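Novice: Got a structure for you, questions after.
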Amino acid sequence: AAALANMEIFEKEKTLTKIQAKIRLLSQALESLKEHDHVGEIRQCGMMVGIELVKDRKTKQPYALVEKKGMQVALSAKKRGMLIRPLGNVVVLMPPISTPNRILTRMARIIHHSIREAVT
């Protein structure tokens with residue numbers, strides 16, 4: 001019942017339409033990661049983002065799970081004040097839709113630094 005009520009509010013208040021600028025901002029802030037040597041793919045659906053870490057971007061060769069690259073990125077981000085969840089070698093971001101733009105930009109910057117630190 002709560003989920004249905006939330007969906008009704010989303011429709012009534014046109015929430016998904018209102019957050020399109022935030023979705024684009026997040027996408028643009030992460031755009032340069034697409035060229036990173038150890039990012040295979042960035043998948044985004046609304047405010048949910050999955051960043052796949054790979055040994056080689058060109059071949060998409062994955063890291064062995066025992067290398068725990070996703071966890072290393074998460075630990076690096078934690079040192080910078082941000083909690084993220086790794087799922088194997090995929091780093092997951094799911095900021096609340098109420099997140100201010102300046103914080104979304106900061107989150108993207110932290111992810112950039114954390115990936116750079118974890119894979120070098």
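The values are calculated or read from the model by the stated rules, or taken from the named source; none is laboratory data. Predicted model, so just to flag it, every value in this text is computed and none were measured. Neighbour counts are summed over all protein chains in view; Cβ atoms, including those assigned to glycine, are modelled from backbone coordinates with ideal geometry. These accessible areas exclude ligands, DNA and RNA; they are computed on the full protein's heavy atoms, side chains included. Shrake-Rupley method; radii C 1.70, N 1.55, O 1.52, S 1.80 Å.
Novice: Give me the lysines in straight-line cross-link reach of Lys14: C-alpha distance below 30 Å, same-chain residues under 8 apart excluded.
Specialist: The reachable lysines, counting only those whose Cα sits under 30 Å from Lys14, are Lys22.
Novice: Using a ≥ b ≥ c from the Cα gyration tensor of the chain (square roots of the eigenvalues), is it rounded, prolate or oblate, where a/c under 1.5 gives rounded and otherwise the larger of a/b and b/c decides, a/b for prolate?
Specialist: prolate
Novice: Give me the number: length gained by fully extending Ser32 to Val92, i.e. 0.36 nm times residue separation minus the C-alpha to C-alpha distance, one decimal in nm.
Specialist: 19.9 nm
Novice: Using all C-alpha to C-alpha distances in the range 1-62, build P(r) with 5 Å bins and read off the rounded percent in each one.
Specialist: 4, 17, 18, 15, 14, 10, 8, 8, 6, 0
Novice: Let me ask another. Points 7 angstrom from Cα along the Cβ direction at Ala5 and Thr105: gap in nanometres?
Specialist: The answer from the label model is 3.7 nm.
Novice: At what distance in angstrom do the alpha carbon centres of the range 48-71 and the range 95-120 lie from each other?
Specialist: Between the Cα centres of the range 48-71 and the range 95-120 lies a distance of 17 Å.
Novice: Just tell me which aspartates and glutamates come within less than 19 Å, Cα to Cα, of Lys68; anything on the same chain fewer than 8 places away is out.
Specialist: Asp37, Glu41, Glu52, Asp56, Glu117
Novice: Also: Once you put a point 7 Å from the Cα of Met47 and another 7 Å from the Cα of Val66, both along the Cβ direction, what distance in nm separates them?
Specialist: Going by the 7 Å Cα→Cβ label model, 4.0 nm.
Novice: At 222 nm, what helix-only mean residue ellipticity would the chain give, in deg cm²/dmol to the nearest 500, using -39500 (n - 2.57) for each DSSP H run of four or more?
Specialist: Working: 5 runs with 56 residues, N = 120.
After summing the helix terms and dividing by residue count, I get -14000 deg cm²/dmol.
Novice: Let me ask something additional. Give the accessible area for Thr120 in Å² (nearest 10); use a 1.4 Å probe, count only protein heavy atoms, and leave out ligands, DNA and RNA.
Specialist: Around 140 Å² of this residue is reachable by solvent.
Novice: Please calculate how many Å² of accessible area the range 30-113 carries per residue, with a 1.4 Å probe and no DNA, RNA or ligand atoms counted.
Specialist: Averaged over the residues of the range 30-113, the accessible area is 59 Å².
Novice: Counting pairs of alpha carbon atoms under 8 Å apart in space and at least six apart in sequence, what relative contact order in percent does the range 1-78 give?
Specialist: Reported relative contact order: 17 percent.
Novice: Once the Cβ-Cβ distance between Thr120 and Thr59 is put in as r, and R0 is 22 Å, what FRET efficiency do you end up with, to the nearest 0.05?
Specialist: Once the sixth-power term is evaluated, E becomes 0.70.
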